[in-house]
Amino acid sequence: MTAAEIGRGLRAGKFTSIEVTRHFLERIDRAGQLNAFITVTPERAMQDAKRADARIAHGEGGPLTGVPMAHKDIFCTDGVLTSAGSRMLSNFVAPYDATVVERLAAAGMVMLGKTNMDEFAMGSSNETSWYGPVRNPWDGTKVPGGSSGGSAAAVAARLAPVATGTDTGGSIRQPGALTGLTGFKPTYGRVSRYGMIAFASSLDQAGVLSQSAEDAALVLAVMAGHDPRDSTSVDVAVPDYAAGLGVSMNGLRIGVIREFFGEGLEEGTGRAVRTALEGFKAMGATIVELSLPNLPLSVPTYYVVAPAECSSNLSRFDGVRFGHRCPEPRDLLDMYRRSRGEGFGAEVKRRIMTGTYVLSAGYYDAYYLKAQKVRSLINADFRKAFSEVDVLMGPTTPTPAFAIGAKVDDPITMYLNDIYTIGANLAGLPAVSVPCGLVDGLPVGLQIIGPHFAEQRLLAAAHAWQLETEWHRKLPPLFA
Amino acid sequence: MYDFRQVFGIFPTPGAIVTLTRRDVEAIALLARLEITEEELPVYAGSLSRILGFIDQLAAAATEGVEPMAHPLENQVQALRDDVVTESDHRDRYQGNAPDVGAGLYLVPKVIE
């Protein structure tokens, strides 16, 4: 059942939140082999459920009251371990709630626990987590994608009806595609980043991994909106996303990004995406092919900008105020170096060092400034495209889920997995991945990108697609 | 200011193959306040060289007269708030996460002998 369906059932008195919550806690218990959760919070969940049942009994609350959910372990949760998938924060009990956590709790959602993730959200396979890799529910030998891999596996295996994620370079959309889910990344600034552990501040954005566009609409409507505690959160009114789902696709101008269909796109994935485009045409949309010539530079641009921002953001982990401290430091420098050397994993260290290098005097102009200029070019490509079309479409990932261990030793191959998703982050655009087929039993996704604050349009397109197809209702055979 | 050109000797030219040495990685790791073990040094030298070679393709992009973009939302003005206290005292709570505190202070190894 989707979150929306559970909400309707709760309000119709078909079952209670306590019953639903117990059901999901039991499923989590039985699916330990997926390693989807870092922390399960059964007591907190039962308390939340009890409160939600009381609200529902009084005729209070909204469409999500009493519906269970899970948070990516990057969101601070008051009194609960918030590790960001890192040894560095493996002892960190957050002293406050992230705005996202606070808002979903106020809407009456029940927190089941905190999901596994790539360390500090740096990864595309959920293999960099200090807590071990997450397995893809569709095939346990495959990765679920990352960095929100735990949230994706949890929702795909129906251990939770819906979960939060964050997307810096594709970390919601890519795992969404690889696990058969709707993965929604809103416009930069649409959702508050307060209490969300920072990776790359000009790219990070919170969003949703869900079973349907309708669920994404409901959850996003609660998460989104201005927050004075995040100075980059935008003061733009949040529309009633669910109310706008019924918009017709007739006359929608779809741009197909030529650069997304080049070499490297796996055949079956390409076929599924082209079939989906035909589906939109049949619904009355018009399709034009467009070129965004600078888009192929988005991965190298990202791997300057994101490590630069990460090296700065992660300097706060110094072993002084919170996080891991090495045993018996000789002096302050030794404490910094060993605490950070022990607390961070290999990929995080690699990115901190990349960032340190590209920001250093003498190289700043050649790398960082240059990347910011190319970022402008990519942004201009998107802007030009959106003067001609309403949305852009293409694949979310070049291939279906790959094997655990297949790419860990080669960072460049791993980075190229985000080749279709990173552009939207650089330009701050909203984008969604929706399931559009199975290739050898593994899900693949159609990506829909829109102009700033076009969440409503993307959700309507995703919903229209899901009314026509059954891909989003397919379950991993082992968890059906 | 730390000038890497002196540390690394060469400035990478467009399309150049970047080769970081163990000594380069040691220098970067010191700046980043990371301890890297002897065995890890050549591994990072290899992967960082590949990453720098990969991002070096940006050098070929024509960016004359292009304004650098630091933030995805143009015309977005950083919000200011009134200069009034909004937080209450959470010191004890926050220090509950600290590795070493005493008398309400964060303790670190001796800095001045």
Quiz prompt | Identity of the residue in region A:91-119, within 12 Å of chain B (Cβ to nearest Cβ) and in a loop (DSSP other than H, G, I, E, B), that ends up farthest from A:D48 (Cα to Cα) | solution = A:N91
Quiz prompt | Single condition A:V236 does not satisfy, out of (1) at pLDDT 95 or above; (2) more than 20 Å from A:A121 (Cβ to Cβ); (3) of a type in the set (A, V, I, L, M) | solution = (1)
Quiz item: If B:R33 passes every condition in (1) in contact with a helix residue (DSSP H, G or I) (Cβ under 8 Å, 6 or more places away or on another chain); (2) at negative phi but one, which one does it miss?
Solution: (2)
Practice problem: Kindly provide the set of residues from region A:288-304 that are loosely packed, with under 15 Cβ neighbours inside 10 Å and touching a residue at least 40 places away in the same chain (Cβ under 8 Å), ordered by number. | Solution: A:V288, A:P293
Quiz item: How many of the residues making up region A:345-365 are farther than 13 Å from B:L30 by Cα, at the interface with chain B (Cβ under 7 Å from one of its Cβ atoms) and among the hydrophobic types (A, V, I, L, M, F, W, C)?
Solution: 1
Quiz item: Do we find that A:T413 is within 14 Å of another protein chain (Cβ to nearest Cβ), surrounded by fewer than 24 Cβ atoms within 10 Å (Cβ to Cβ), more than 17 Å from the chain's Cα centre (by Cα) and hydroxyl-bearing (S, T, Y) in this structure?
Solution: yes
Exercise. Scan region A:121-135 and give yes if some residue there is more than 23 Å from A:F344 (Cα to Cα), of a type outside the set (A, V, I, L, M) and either within 14 Å of another protein chain (Cβ to nearest Cβ) or surrounded by 21 or more Cβ atoms within 10 Å (Cβ to Cβ) (or both), otherwise no.
Key: no
Practice problem: Starting from residues that are farther than 23 Å from A:C310 by Cα and either touching a Pro at 6+ places or on another chain (Cβ under 7 Å) or more than 10 Å from chain A (Cβ to nearest Cβ) (or both), keep the ones in region B:1-18 and report whichever is modelled with the highest pLDDT. | Solution: B:I17
Quiz item: Quick check: anything in region A:62-73 part of a loop (DSSP other than H, G, I, E, B), within 14 Å of chain B (Cβ to nearest Cβ), in contact (Cβ under 8 Å) with a residue 12 or more places away in the chain and within 19 Å of the chain's Cα centre (by Cα)?
Solution: no
Quiz item: Scanning for something within 30 Å of A:L467 (Cα to Cα) and in contact with a Cys (Cβ under 7 Å, 6 or more places away or on another chain), does region A:276-297 turn up at least one residue?
Solution: yes
Quiz prompt | Positions within region A:18-51 being closer than 14 Å to A:M109 by Cα, surrounded by fewer than 17 Cβ atoms within 10 Å (Cβ to Cβ) and of a type in the set (S, T, N, Q), in sequence order | solution = A:Q47
Quiz item: Does B:D24 satisfy being within 9 Å of chain A (Cβ to nearest Cβ) and touching a residue at least 12 places away in the same chain (Cβ under 8 Å)?
Solution: yes
Quiz item: Of the residues that sit in region A:168-182 and are over 14 Å from A:A462 (Cα atoms) and of a type in the set (S, T, N, Q), which one is nearest to the other protein chains (Cβ to nearest Cβ)?
Solution: A:T168
Self-check item: Filter pass, B:E64 being in a loop (DSSP other than H, G, I, E, B), of a type outside the set (A, V, I, L, M), at pLDDT 90 or above and farther than 26 Å from A:S201 by Cα
Solution: yes
Exercise. Please tell me if A:A285 is in contact (Cβ under 8 Å) with a residue 12 or more places away in the chain, over 26 Å from the mean Cα position of the chain (by Cα), crowded, with 19+ Cβ neighbours inside 10 Å and farther than 24 Å from A:I197 by Cα.
Key: yes
Quiz item: Just wondering, is there one or more residues in region A:183-206 that are closer than 21 Å to A:R135 by Cβ and more than 14 Å from chain B (Cβ to nearest Cβ)?
Solution: yes
Quiz item: Among (1) in contact with an Asp or Glu (Cβ under 9 Å, 6 or more places away or on another chain); (2) over 30 Å from B:K110 (Cα atoms); (3) buried (at least 24 other Cβ atoms within 10 Å of the Cβ); (4) within 14 Å of another protein chain (Cβ to nearest Cβ), where does A:R340 come up short?
Solution: (2)
Quiz item: When residues of region A:305-328 are filtered for being facing chain B (nearest Cβ under 7 Å), assigned to a loop (DSSP other than H, G, I, E, B) and crowded, with 18+ Cβ neighbours inside 10 Å, how many remain?
Solution: 4
Self-check item: Which listed residue is closer than 19 Å to A:I6 by Cα and not hydrophobic (A, V, I, L, M, F, W, C), from A:E214, A:E119, A:E127
Solution: A:E214
Exercise. Could you check A:F386 against (1) more than 19 Å from A:G279 (Cβ to Cβ); (2) aromatic (F, W, Y); (3) within 22 Å of the chain's Cα centre (by Cα) and say which number it fails?
Key: (3)
Quiz item: If a residue has to be farther than 30 Å from A:L295 by Cα, within 7 Å of chain A (Cβ to nearest Cβ), hydrophobic (A, V, I, L, M, F, W, C) and surrounded by fewer than 16 Cβ atoms within 10 Å (Cβ to Cβ) to count, how many in region B:50-107 make the cut?
Solution: 1
Exercise. Please specify each residue of region A:188-213 satisfying the condition of being in contact with a strand residue (DSSP E or B) (Cβ under 9 Å, 6 or more places away or on another chain) and not aliphatic (A, V, I, L, M).
Key: A:R190, A:S192, A:R193, A:G195, A:F199, A:D204, A:Q205, A:G207, A:S210, A:Q211, A:S212
Practice problem: Only residues that are over 17 Å from A:L203 (Cβ atoms) and at the interface with chain B (Cβ under 9 Å from one of its Cβ atoms): list them for region A:374-387, please. | Solution: A:A380
Quiz item: Would region A:335-344 turn up any residue that is outside any helix (DSSP H, G or I) and within 19 Å of A:W130 (Cα to Cα)?
Solution: yes
Practice problem: May I ask you to verify whether A:I404 is in contact with a strand residue (DSSP E or B) (Cβ under 7 Å, 6 or more places away or on another chain), among the hydrophobic types (A, V, I, L, M, F, W, C), more than 14 Å from every other protein chain (Cβ to nearest Cβ) and closer than 30 Å to B:M69 by Cα? | Solution: no
Quiz item: Going by the structure shown, is A:A371 within 26 Å of A:Y420 (Cα to Cα) and more than 7 Å from every other protein chain (Cβ to nearest Cβ)?
Solution: no
Self-check item: Residue under evaluation B:S47, criteria (1) surrounded by fewer than 19 Cβ atoms within 10 Å (Cβ to Cβ); (2) modelled with pLDDT of 90 or more; (3) farther than 16 Å from A:G341 by Cα, criterion not met
Solution: (1)
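The values are calculated or read from the model by the stated rules, or taken from the named source; none is laboratory data. Note that the structure is predicted; figures quoted are calculated from it, not measured. Ideal geometry is used to build each Cβ from the backbone, glycine not excepted, and the neighbour counts take in all protein chains shown.
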